[in-house]
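Trainee: Just passing along the structure, written as structure tokens.
Derivation of every value follows stated rules applied to the coordinates shown; laboratory data play no part. Bear in mind that the values here come from a model prediction, so they are computed numbers and not experimental data. Cβ: placed from backbone, ideal geometry, glycine included. Neighbour counts: every protein chain shown.
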Amino acid sequence: MDAILVQAQQWLGPLFPLVWTLLKVVLVIVPLMLSVAYLTFWERKIIGWMQVRIGPNRVGPWGLLQPIADGMKLFFKEVIFPTVADKKLFIVGPVMAIAPALALWAVIPFADGWVLANVDAGVLYLLALGSVGVYGIIIAGWASNSKYAFLGAMRSSAQMISYEISMGMALITVLMVSGSLNLSEIVHAQSRGIFSSMGAGFLSWNWLPLLPMFGVYLISGVAELNRAPFDVVEGESEIVAGHMVEYSGMSFAMFFLAEYANMILVSAMVSVFFLGGWLSPVGFLPDGFFWLAVKIAAILFFFLWIRATFPRYRYDQIMRLGWKVFVPLTLVWILVVGIWMMSPLNVWK
Amino acid sequence: MEFKTILFYLFAVLTVFAAVRVITARNPVHAVLFLVLAFFNMSGLWLLLQAEFLAIALIMVYVGAVMVLFLFVVMMLDINIERMRQGFWSNLPLGALVGFLMVGEMAVVLTGRYFGLESFPAHEMPASYSNTKELARVLFTDYVYPFELASIILLVAIIAAVMLTLRHRKDTKGMTSSAQVAVRSRDRMRIVKMASATELPATTADQEGDKA
């Protein structure tokens, strides 16, 4: 392996870092895209079961080829441009939606040392690029030259900015207790503690001492994803499909991919920040990628579950929850954690 | 040539291109989006200088929040592009003069000799150096009072901005969320206990009628 790398380095010269990084990126993106495809299938199945239906079961054994069939269909559909749409921005919209959704995976640690870019300011990177995702929706909404799409864009920009604040504030407590902005360090910090030394590692993870922040982060994550019950951006019964109403074929599929890639990403972030990332819950089992995958799957199931359970929030209620409940709560909890850390009861030493 | 050098020229060219397009784009929404592109490339340049905190803060604050609100406002405006461009040629000479003066002054200041940049050592940092941590250390020790003062001034400004634009209209038909949340089911619905009534068995005549 090393011999091949050295050869490639000589042959490609200054372009070697680019090619090598792109290769690693493909190793992350291909499994991600497959997971996205089967997440859509899994979502339809689970919601079907919860609502006493069967769900897709026609294409392939147990309906397993359904996402492939859906993808093929979208791929061969015509991309329709509205007559007075801003054509360039109409194409840039979906690209801007999916680009941050993929770029954010660069700093997620899959296991100890398995990370594309082990940057020091990983949390800041996540917050920064996470806030860029809203551009896809705004640009799409404006470029479509449609009232419904524009309403969706306006709603999403207000909602995303509001919930980013509570998300960031909730993360501040995580940073305080782990003392680092590096995601791998945050996971390592969760492996230390009284319970962890007694073999019950899952009680040392951040979710327990930072329980209110765990809740705030999880709910803000759902709001940030524009998913039910916070899906006023799409709001089928009010504004048809929001920013996506004029899109068809692959341009629509890109929004879809971005939404599901973001779902998996938020699940991975919750696992890393609060559920110990790749750490094993009990002392006698080895750590590894398997545990991260299990945690991501569990949180994804939670997202699907609440979609099947709750009705949509009204717009002003969303704003109220974000600004009048979550932001004050996080501010108070930052203070509480600060005092806790200074007191003799500090559990994070 | 190092890969970093290629990146530098890529970011630099894109920054200049985007900055020029900000002022030449006909559509204000396009201009704002080009400004976003310029911010992105500037942050790339800062990353090359290992100032990762500033680079990411630029994206987080400006691209993620300020420009979104800016775009929000610009998209709402109904701007007549033709009227905006009226008087372009008559204002051009003065504008160009001011522009060239500013570029000239910046060139004098920033080309290096003014600040004696040559006498400084090259910007080399050890791998363990964390820009974010160093900034925080300085901000919260040496400059803690100015820092807190600045944040209080910002807080006052935020509250003032909200209060200045807050108008309570008397004729709006809003709902009070706290009152809605406080509602309990027993306020709306009363469950009454009633004695159960036995239903009479259906007569044969009715059954006949059902069949018919």
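Trainee: Between residue A:95 and residue A:319, what is the label-to-label distance in nm when each label sits 7 Å out along the Cα-to-Cβ direction?
Mentor: So the label points at residue A:95 and residue A:319 sit 3.4 nm apart.
Trainee: So, one more: At 1.306 mPa s and 10 °C, plugging the Kirkwood radius over alpha-carbon pairs of the range B:1-79 into Stokes-Einstein gives what diffusion coefficient in µm²/s?
Mentor: For the chosen part, D equals 120 µm²/s.
Trainee: Which lysines, on any chain, are close to residue A:88 with Cα under 22 Å apart, when same-chain ones fewer than 8 places away are left out?
Mentor: A:77, A:147
Trainee: Enumerate the calculated ³J(HN,Hα) couplings along the range B:30-42 in order (Karplus 6.51 cos²θ - 1.76 cosθ + 1.60, θ = phi - 60°), each rounded to whole Hz, writing x wherever the residue is Gly or Pro.
Mentor: With coefficients 6.51, -1.76 and 1.60, one gets 4, 4, 4, 5, 5, 5, 4, 4, 4, 4, 4, 6, 4 Hz.
Trainee: I would also like to ask the following. How big is D for the protein assembly as shown, in µm² s⁻¹ as a whole number, if Stokes-Einstein is applied with the Kirkwood radius of its Cα pairs at 4 °C and 1.567 mPa s? Write down the numbers at each step before the final one.
Mentor: Working: Rh = 27.4 Å.
D = 47 µm²/s.
Trainee: Follow-up. Can you put A:166, A:237 in order of Cβ neighbours within 10 angstrom, beginning with the fewest?
Mentor: Values: A:166 26, A:237 7.
By the 10 Å Cβ count, ascending: A:237, A:166.
Trainee: Based solely on C-alpha atoms, express the radius of gyration and the Dmax of the range A:65-223 in angstrom.
Mentor: Spelled out, the Cα radius of gyration and Dmax of the range A:65-223 are 20.0, 66 Å.
Trainee: So what is the relative contact order for the range A:152-256, in percent, with contacts set as C-alpha pairs under 8 Å and at least six apart?
Mentor: Relative contact order, the range A:152-256: 32 percent.
Trainee: Separate question: What does the structure give for B:64-70 when I average, per residue, the other chain Cβ atoms found within 10 Å of the residue Cβ?
Mentor: Neighbouring Cβ atoms belonging to other protein chains average 5 per residue here.
Trainee: For peptide A:125-133, what's the mean number of Cβ atoms from other chains within 10 Å of each residue's Cβ?
Mentor: So the per-residue partner count for this stretch is 5.
Trainee: Turning to a different aspect of this structure: Can you give the FRET efficiency for residue A:305 and residue B:110, using 1/(1 + (r/R0)^6), R0 = 60 Å, r = Cβ-Cβ distance, to the nearest 0.05?
Mentor: The value I calculate is 0.60.
Trainee: For chain A, what is the relative contact order in percent, using Cα pairs closer than 8 Å and at least 6 residues apart in sequence?
Mentor: Relative contact order comes out at 21 percent.
Trainee: Which one, A:137, A:54, B:66, projects farthest toward the positive side of the charge dipole computed for the protein assembly as shown from Cβ point charges (K/R +1, D/E -1)?
Mentor: So the residue furthest toward the plus end is A:54.
Trainee: Would you please give the residues with an amide H less than 5 Å from that of residue A:277, counting only those at least 5 places away or on a separate chain, with H modeled from the backbone geometry?
Mentor: A:272
Trainee: Using only the alpha carbons of the range A:77-342, what is the convex hull's orientation-averaged projected area in square nanometres?
Mentor: Dividing the Cα hull surface by four gives the mean projection, 14.4 nm².
Trainee: Now a separate question. Please list, in order along the range A:280-287, the HN-Hα scalar couplings obtained from phi with the Karplus expression 6.51 cos²θ - 1.76 cosθ + 1.60 (θ = phi - 60°), rounded to whole Hz, x for Gly and Pro.
Mentor: Taking θ as phi minus 60°, the curve returns 7, x, 10, x, 7, 9, x, 6 Hz for the range A:280-287.
Trainee: Once you have the Cα-Cα distance between residue B:13 and residue B:172, take 0.36 nm times their residue separation minus that, and quote the gain in nm to one decimal.
Mentor: On the way: separation 159, 0.36 × 159 = 57.24 nm, distance 5.17 nm.
Stretched fully, the residue B:13-residue B:172 segment lengthens by 52.1 nm.
Trainee: OK, next. Stretched out fully, how many nm does the piece from residue B:83 to residue B:129 gain, at 0.36 nm a residue minus the Cα gap?
Mentor: Length gained between residue B:83 and residue B:129: 11.3 nm.
Trainee: Each residue of the range A:86-95 in turn: what ³J(HN,Hα) in whole Hz from Karplus with 6.51, -1.76, 1.60 and θ = phi - 60°, glycine and Pro shown as x?
Mentor: My calculation for the range A:86-95 gives 7, 4, 5, 5, 4, 7, 5, x, x, 5 Hz in order.
Trainee: Same structure again: Between residue A:103 and residue B:90, what FRET efficiency follows from the Cβ-Cβ distance if R0 is 56 Å, with the result rounded to 0.05?
Mentor: It comes out at approximately 0.75.
Trainee: Around residue A:257, what is the net charge, scoring Lys/Arg as +1 and Asp/Glu as -1 over all other residues with Cβ under 14 Å from its Cβ?
Mentor: Result for the neighbourhood of residue A:257: -3.
Trainee: State whether the range A:304-348 is rounded, prolate or oblate according to the following rule on the C-alpha gyration tensor (a ≥ b ≥ c being the square roots of its eigenvalues): a/c under 1.5 gives rounded; otherwise a/b larger than b/c gives prolate, and the remaining case gives oblate.
Mentor: In terms of gyration-tensor shape, oblate.
Trainee: What shape does the range B:147-206 have by the C-alpha gyration tensor, where a ≥ b ≥ c are the square roots of the eigenvalues, rounded means a/c under 1.5, and otherwise prolate means a/b greater than b/c and oblate the rest?
Mentor: Here the range B:147-206 falls in the prolate category.
Trainee: Right, another one. Which whole-percent values make up P(r) of the range A:131-234 when all C-alpha to C-alpha distances are grouped in 5 Å steps starting at zero?
Mentor: Spelled out bin by bin, the range A:131-234 gives 2, 12, 17, 17, 14, 10, 9, 7, 5, 3, 1, 1, 0 percent.
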